[in-house]
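**Student:** Sharing a structure below in structure tokens format, with a few things to ask.
What follows draws every value from the coordinates through simple rules; no lab data is involved. These figures come from a predicted structure and were not determined experimentally. Ideal geometry is used to build each Cβ from the backbone, glycine not excepted, and the neighbour counts take in all protein chains shown.
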Amino acid sequence: MNFYCDSHLHSNNSFDGTPTVKEICEKAISLGLSAVTVTDHMEAPEILLGEKSEYGDMVKQIKKSVKDVESCQDIYKNKLTVLKGMELGEPMHNIQLTKQALSIADFDFILASVHNLKDEQDFYFIDYSQINVNELITRYFIELLDTAQNADFDSLAHLTYPFRYICECTDLDIQILLQENETVIEEIFKALISRGKALEVNTSGLFKKIASTLPDAELLKKFKALGGKYVTIGSDAHQTENIAQGFGVGLEIIKKCGFDHITLYKNRKPNLIEI
Ligand SMILES: [Zn+2]
Ligand SMILES: [Zn+2]
């Protein structure tokens, strides 16, 4: 591999991650990666609950994540670039708490995610047989548009995230759901482009029933056609064996969609890396 960076990785400072930051670095070096960005979870609205959050004390977890990254920057200097990121969930649900989350450290990279709509469960836990899926998906894209237009972040994570689960629990046609939301998806891309933000290509979906990157090649082509410039690539690994998983396919898709570069963020500034 050339200079490739995995820009979406969870350590054991995420409630659902297992590797230490050191283990992430060792694995990345063995795979020939040049950089990793650790993006542990911060569901901003949960800050209010502190230790009582079902995810644990997320401020404490992010502080520890940052500290671990800083220590690995020393250990692996000259071998691997180790960057401070955060996966900022639901940035539009509580602006004040989002600001607080962003002020925890001088991050290199902020990924914005929507894992759940306001007052709803994570899409992972929803029983899709009991709800109006079309309505839920429309609300999802509208919230992503609000995020793309207004939130403070660098790259929009795993666009089409709910589809990963809808695919596993229903026989709904995902392409039809996408067509129904075509206009708002275009608005999301236009907002990213006009604000100089990146779109993430998340390779985790390649190994799920959905069997595609999130978003898929068709959407990525649309982003490019509208003038999209910045694309980040991330495995969303929560275990060491999944680091950079699917990058061969993911990078091919990015190239086929017309991009010559991926983007690596340092000090929240985009750096283009030829692919
Ligand atoms: Zn996520
Ligand atoms: Zn993630």
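**Student:** Translational D (Stokes-Einstein, µm²/s) of segment 76-211 at 25 °C and 0.890 mPa s when Rh comes from the Kirkwood sum over C-alpha pairs?
**Tutor:** Here the translational diffusion coefficient equals 153 µm²/s.
**Student:** If you average the sequence gap of Cα pairs under 8 Å that are 6 or more apart and divide by the length of the chain, what percent do you get for the contact order?
**Tutor:** Relative contact order for the chain comes out at 19 percent.
**Student:** Right, next: What does the extension gain come out to for residue 138 and residue 182, with contour length at 0.36 nm per residue minus their alpha carbon separation?
**Tutor:** Length gained between residue 138 and residue 182: 14.8 nm.
**Student:** Return one quarter of the surface area of the convex hull spanned by the alpha-carbon atoms of the chain, equal to its mean projected area, in nm².
**Tutor:** Result: 12.9 nm².
**Student:** Could you identify which residue out of 189, 207, 125 has the top mean-square fluctuation in a GNM of the chain using Cα springs shorter than 10 Å?
**Tutor:** 125
**Student:** Could I ask something else about it? Please turn the phi angles of segment 261-266 into ³J(HN,Hα) values with the Karplus equation 6.51 cos²θ - 1.76 cosθ + 1.60 (θ = phi - 60°), one per residue in order, whole Hz, x for glycine and proline.
**Tutor:** Calculated HN-Hα couplings, in order: 9, 10, 10, 10, 9, 10 Hz.
**Student:** Continuing with this model, one more query. Could you put 158, 93 in order, starting from the residue whose Cβ has the fewest other Cβ atoms within 10 Å?
**Tutor:** 93, 158
**Student:** Sticking with this one: Bin by bin, in steps of 10 Å, what percent of the Cα pairs in segment 155-275 do you find, going until the bin that has the longest distance?
**Tutor:** Going out from 0 Å in 10 Å bins, segment 155-275 shows 13, 45, 34, 7, 0 percent.
**Student:** Where both residues lie in the chain, what percent of DSSP beta bridges are antiparallel, nearest 5?
**Tutor:** So the antiparallel bridges in the chain amount to around 25 percent.
**Student:** In a GNM of the chain with a 10 Å cut-off on Cα contacts, which of 129, 71, 204 has the highest mean-square fluctuation?
**Tutor:** Among 129, 71, 204, the largest GNM mean-square fluctuation belongs to 129.
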